[in-house]
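Below: the structure, in structure tokens.
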Amino acid sequence: MEQTYARAISVLKQNSITAQVGNQTYRRTLPSKEFYVHQWNWDSATHAMGLIYIDEDWAYEEIYSLLSGQWHNGLIPHIIFNPDERKYFPGPDVWRTDSASGISVQTSGITQPPLLAISVLHMYSVAKDRKKAGVFLNNTLPRLISYHNHLKHFRDAENSGLLTIVHPWESGTDNSPRWDQSMNAIALDTIPDDVKNLVHTSRTDTMLGDTSHRPKLEDYYRYLHLVTLYRQWEWDFTKIVKSSPFAVKDILFNAIWCQANQALDTLLVLVGREEEAQKFRLWHQQTEEAIQSTWDEEHELFRNIDVTNGKKEWITEPTIAKFMPLYAGAVGEHHLNVLLKKLTNTHQYYTPIPFPSIGLDNPKFDDKRYWRGPTWPITNLFIIEGLGRYTQHEACQILRDDIVVKTMEMIKEHGFYEYYHPLHVKISNDRALGFGSFSWSAAIYLYLYHKYYLSKRDRVS
Ligand code: 9WN
């Protein structure tokens, strides 16, 4: 374990760069120099959760760097671009958010699962230098509040408790089958030729990585179609949410939203702002109830809702997202037992390397393709933390401990990759899946090592 721990730190160091933003310089961590050469929102929130154990200043800088890309309206974009990097497509010239953002930093125009408040609470809780932690919290709290207000205002104008996402990239689980119903409704012949040409001439992921691990061409047509539309609509989110051909209430995004409001509530109480905290407590409760109301007894899952153009259509595609309400502690006893059965079923989610991004019994299961089969450390982390919330439920605690070990073993054995083969099949060139030297996997390793492995070892000795 110790050797892997040391390697995790060196992966993060290798991926860290110094970015100049105005008069400020920040250390920021790129997901992987093989392709992802900018800063990503929920990756960075996770990086900081691991970094805080090894270098508190570095962890804070990671978050300050992310916040340097926050728009005047509160949006924290999904990518903060490094201006000189050209490897990643689509780059800033495609997004063209400059006039909408109100800042001089180049960013994308959509967001990602709002993990940041959860990350800040974790950092604040474990930091040893209390003075610096206090300064960090003071600096970040107003930014978190404006981000949450922004999301609530634009993504839940109808006050349903569930936020709407307008691009599969916002879910962080880009080509998950739970988007198929909505994405297939965007007919390919309605996508302008110049968008398709742009994909043909500029797409880099399949040149730098393995095509069989990446989303398909039709996915990219639709991804870029949405980006180009929103750019034409000048990133006006009232219009985008109302008129986009893709608008979905996603269970994974909302489970994190639910938990993030609880984190923000806790942070505000910690600094004595009890009255302001109440709003976020209510949002948390409202989302928790709304998540519970998506349960489908027939398919035994928490569902997404397609709200494109004002419709309300259930999406019953089963994927790893159905377990995410665990992370928000939003699962009652009956549903918990149903989910546990699926997580421990070797024909569904309990694969040799658990948990695959969709169950083995789903006909769409594709062992190497991105979010359509492979195992990802980040979703394992959410399930680990989720199971840990059910402290009275012994089976949850046993499964949690097992998945902590299996996730750490997976990283130790296969290295720091973006995702892993759920059936433990060795790929010919002995790589795991996706891009390599991956910061997310390194940071999650550090987090699990400190939060679970060390504390268990200390308890035993
Ligand atoms: C699009 C950086 C990001 C992750 C996402 C993952 C992947 C990007 C892409 O990489 O998405 O945002 O180009 O494939 O799906 O979760 O944040 O690691």
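Checking every one of the chymotrypsin sites (Phe, Trp or Tyr not before Pro) in the stretch 303-357 against DSSP loop status and a limit of 12 other Cβ atoms within 10 Å picks out no site at all. Between the amide H of LEU301 and those of ASP296, distances stay under 5 Å, these residues lying 5 or more places away or on another chain, with hydrogens modeled in the peptide plane. Each residue of the stretch 139-153 is assigned a 3J(HN,Hα), and the resulting list reads 5, 8, 3, x, 5, 5, 4, 5, 5, 5, 4, 4, 4, 5, 5 Hz, derived from the Karplus form 6.51 cos²θ - 1.76 cosθ + 1.60 (θ = phi - 60°), x at Gly and Pro. For the peptides 194-207, 285-298, 39-52, 117-130, the ranking by packing is 39-52, 117-130, 285-298, 194-207, with the highest mean count of neighbouring Cβ atoms within 10 Å listed first. Accessible surface for the stretch 149-214, divided over its residues, is 39 Å² per residue with a 1.4 Å probe.
Say each of LYS242 and TYR453 gets a label point 7 Å from the Cα, pointing the same way as Cα to Cβ; how far apart are those two points in nm? Output for this residue pair reads 5.2 nm.
Model label points for ASP84 and ARG273, set 7 angstrom from Cα along the Cα-to-Cβ axis, are 3.7 nm apart. For the stretch 1-152, the equivalent ellipsoid derived from the alpha-carbon gyration tensor has semi-axes of 24, 20, 13 Å in decreasing order. Each Cα pair under 8 Å and six or more residues apart adds its sequence gap; the mean of these over the residue count of the stretch 159-289 is a relative contact order of 35 percent. A dipole drawn for the stretch 347-461 from +1 and -1 charges on Cβ atoms has a positive end, and of PRO352, ALA395, TRP376 the residue lying farthest that way is TRP376. Rounded to the nearest Hz, the phi-derived 3J(HN,Hα) couplings of the stretch 395-411 under the Karplus curve 6.51 cos²θ - 1.76 cosθ + 1.60 (θ = phi - 60°) are 4, 5, 5, 5, 5, 4, 4, 5, 6, 4, 4, 5, 5, 5, 5, 4, 6, where x marks glycine and proline.
Taking only alpha carbon atoms, the stretch 350-421 gives an Rg to Rh ratio of 0.99, where Rh is the Kirkwood radius. Using the Karplus equation 6.51 cos²θ - 1.76 cosθ + 1.60 (θ = phi - 60°), what ³J(HN,Hα) coupling, rounded to whole Hz, does each residue of the stretch 166-181 give in order, writing x for Gly and Pro? With the stated coefficients, the stretch 166-181 comes to 10, 7, x, 4, 5, 7, x, 10, 3, 10, 4, x, 6, 9, 4, 4 Hz. When a 1.4 Å probe is rolled over the protein heavy atoms, the share of accessible surface on the stretch 326-398 that falls to carbon and sulfur comes to 53 percent.
Would you list which lysines come within 18 Å of LYS451, measuring only between C-alpha atoms, while excluding same-chain residues fewer than 8 positions from it? Of all the lysines, those that pass the test against LYS451 - Cα under 18 Å, at least 8 places apart if same chain - are LYS128, LYS406, LYS412. Computed over every Cα-Cα pair of the stretch 378-461 and binned at 5 Å starting from 0, the pair-distance distribution P(r) comes out as 3, 14, 23, 23, 17, 11, 7, 2, 0 percent.
Listed cross-link partners LYS33/LYS239; LYS87/LYS242; LYS242/LYS341; LYS152/LYS341; LYS249/LYS456; LYS312/LYS342 are compared with a 31 Å cut-off, the Cα-Cα value being larger for LYS33/LYS239; LYS87/LYS242; LYS242/LYS341; LYS152/LYS341; LYS249/LYS456. Put simply, the convex hull of the Cα atoms in the chain casts, on average, a shadow of 20.8 nm².
Looking at the stretch 54-101, the trypsin sites (Lys or Arg not before Pro) that sit in a DSSP loop and have at most 11 other Cβ atoms within 10 Å of their own Cβ are ARG86. Protein heavy-atom surface of the stretch 118-277, 1.4 angstrom probe: 51% of the accessible area is carbon and sulfur, with nucleic acids and ligands not counted. Provide the net charge surrounding ILE165, with neighbours chosen by a C-beta distance below 9 Å and charges set as Lys +1, Arg +1, Asp -1, Glu -1. Net charge around ILE165: 0.
What's the whole-number percent of alpha carbon pairs in the stretch 266-338 lying beyond 22 angstrom? That fraction is 38 percent.
The values are calculated or read from the model by the stated rules, or taken from the named source; none is laboratory data. Small disclaimer: the values here were computed from a predicted structure and weren't measured. Backbone-built Cβ (ideal geometry, glycine too); neighbour counts: all protein chains shown. These area figures cover heavy atoms from the full protein model, side chains too; ligands, DNA and RNA do not enter into them. Shrake-Rupley method; radii C 1.70, N 1.55, O 1.52, S 1.80 Å.
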